[in-house]
Amino acid sequence: MLTKRIIPCLDVQNGRVVKNVRFFENHRDAGDPLLLAQAYEAQQADELVFYDITATHEGRSLMLDVAAQVAEQVMMPLTVGGGVNHLSDFRQLLMAGADKISVNSGAVKRPELIREASDHHGAQCVMLSIDAKRRANGQGWTVHVGGGRVDTGLDLIEWAVRGQQLGAGELCLNIMDADGTRAGFALDATRAVSRAVDLPVIASGGAGQLTDFRDVLRGGDEGGNADAALAASVFHFGELTVPQVKAYLQAEGIAVRPDWQDTDSDNVRGYTV
């Protein structure tokens, strides 16, 4: 049976972890990246995702220092994204200690980047991250880039399918309408993407209570059909812990991954789908 993953997300800005609502509202400081990473390792989170949320918008270089510092101190798998525009960016982040690289705006600008990275480093290293927002008429969703600032007009489902065709190893879907609201994941969007592709889909945006994780991870016409759930605020501010979420999911009949420290492999880094 395939197991579900629980993944804390750390949005980094100016060297600090921050959290906003719908990307731009109610900015809150959540702490030091390394200290939070160590706390989530102690909680036995399945993976960590780091995003430099203003790198593309500000035209800055990669946060190699944060990636290297965290990779040196924690053994859990790390995904890093933000400002990834070239194949050399993949190499630099992998050399710094990341296990997977998330690409978003750079892939929309030049979709061939997904194929180049997949061919060179392997699909397992390539996460296509998609920020999407529901159209004003309520009919579907469009892809946004530049930290959610620019509506590309690209259809969410079409872009997800193309990302798979180009060689992405998994998708991380963040629905901007739900992000930071704690009102629950966007189940309809997540379900639509999960059914359109054969890749693992990570749901992001909207986690507020235990039932939200259950709903987005369960299958069927009512669930989100996601393979993993990513959350930030509820973990950063101590409202929920990873063990609490996993225990609840198990009680609800949803299989979750065992502690990664219990795996037989001596090489914990790189433990991916």
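Under a Cβ-Cβ cut-off of 9 Å, what is the net charge of the residues other than Met127 that fall near it, where Lys and Arg count +1 and Asp and Glu count -1?
Details: positive: Lys100; negative: Glu170.
So the surrounding residues net to 0.
Taking the Cα centre of the stretch 141-180 as origin, work out the dipole magnitude from +1 charges on Lys and Arg Cβ and -1 charges on Asp and Glu Cβ, in debye rounded to 20. Intermediate values should be presented prior to the final figure.
Numbers: 2 positive and 6 negative charges, 27 e Å.
It works out to roughly 140 debye.
Normalised by the number of residues in the chain, what is the relative contact order in percent for Cα pairs under 8 Å and 6+ residues apart?
Contact order relative to length: 19 percent.
How large is Rg/Rh for the stretch 148-256, to two decimals, with Cα atoms and a Kirkwood Rh?
0.98
From the residues Ala186, Gly224, Ser88, which one has its Cα farthest along the dipole of the chain in the positive direction, the dipole being from +1 and -1 charges on Cβ of Lys/Arg and Asp/Glu about the Cα centre?
Value: Ala186.
Work out how much length Ala247 to Arg135 would gain on full extension: take 0.36 nm times their residue separation and subtract the Cα-Cα distance, in nm to one decimal.
Length gained between Ala247 and Arg135: 36.7 nm.
Given +1 on the Cβ of Lys and Arg, -1 on the Cβ of Asp and Glu, and no further charges, what dipole in debye does the stretch 68-151 carry about its Cα centre, rounded to the nearest 20?
Rounded to the nearest 20 debye, it is 400 debye.
Pick out, from Gly146, Ile202, Leu171, the residue whose Cα sits farthest towards the positive end of the charge dipole of the stretch 90-203, with +1 on the Cβ of Lys and Arg and -1 on the Cβ of Asp and Glu.
Value computed over the given set: Gly146.
Arg5's amide H: which non-local residues (gap 5+, or another chain) put their own amide H closer than 5 Å, with H modeled 1.01 Å from N in plane and none for Pro or chain starts?
Amide H neighbours of Arg5: Ala228, Ala229.
Kindly state, to the nearest 0.05, the FRET efficiency for Glu239 paired with Arg91, given R0 = 51 Å and r defined as their beta-carbon distance.
On the way: r = 38 Å, r/R0 = 0.74.
According to the calculation, E is roughly 0.85.
Determine the per residue accessible area of the stretch 106-251 with all protein chains present and a 1.4 angstrom probe, expressed in square angstrom. Working shown, then result.
Numbers: 5550 Å² over 146 residues.
It amounts to 38 Å² per residue over the stretch 106-251.
If each residue of separation counts as 0.36 nm, what is the full-extension length gain between Arg149 and Gln38 once their alpha-carbon separation is subtracted?
Between Arg149 and Gln38, full extension yields 36.8 nm more.
Report, to the nearest whole %, how much of the accessible area of the stretch 123-273 belongs to carbon and sulfur atoms, 1.4 Å probe, protein only.
44 percent
When the Kirkwood radius is taken over all Cα pairs of the chain, what Stokes-Einstein diffusion coefficient follows at 10 °C and 1.306 mPa s, in µm²/s? Display every interim value, and only then the final one.
Numbers: Rh = 18.2 Å.
The estimated diffusion coefficient comes to 87 µm²/s.
Among Ala123, Ala251, Ala136, which one shows the highest mean-square fluctuation when the chain is modelled as a Gaussian network with alpha-carbon springs under 10 Å?
With Cα springs under 10 Å in the chain, the top fluctuation among Ala123, Ala251, Ala136 is at Ala136.
The values are calculated or read from the model by the stated rules, or taken from the named source; none is laboratory data. Because the structure is predicted, anything quoted here is derived from the model rather than measured. In this analysis, Cβ positions are derived from the backbone assuming ideal geometry, glycine residues included, and neighbour counts consider all displayed protein chains. The protein model used for the area step is the full one, side chains on, heavy atoms only, and it has no ligands, DNA or RNA in it. Shrake-Rupley method; radii C 1.70, N 1.55, O 1.52, S 1.80 Å.
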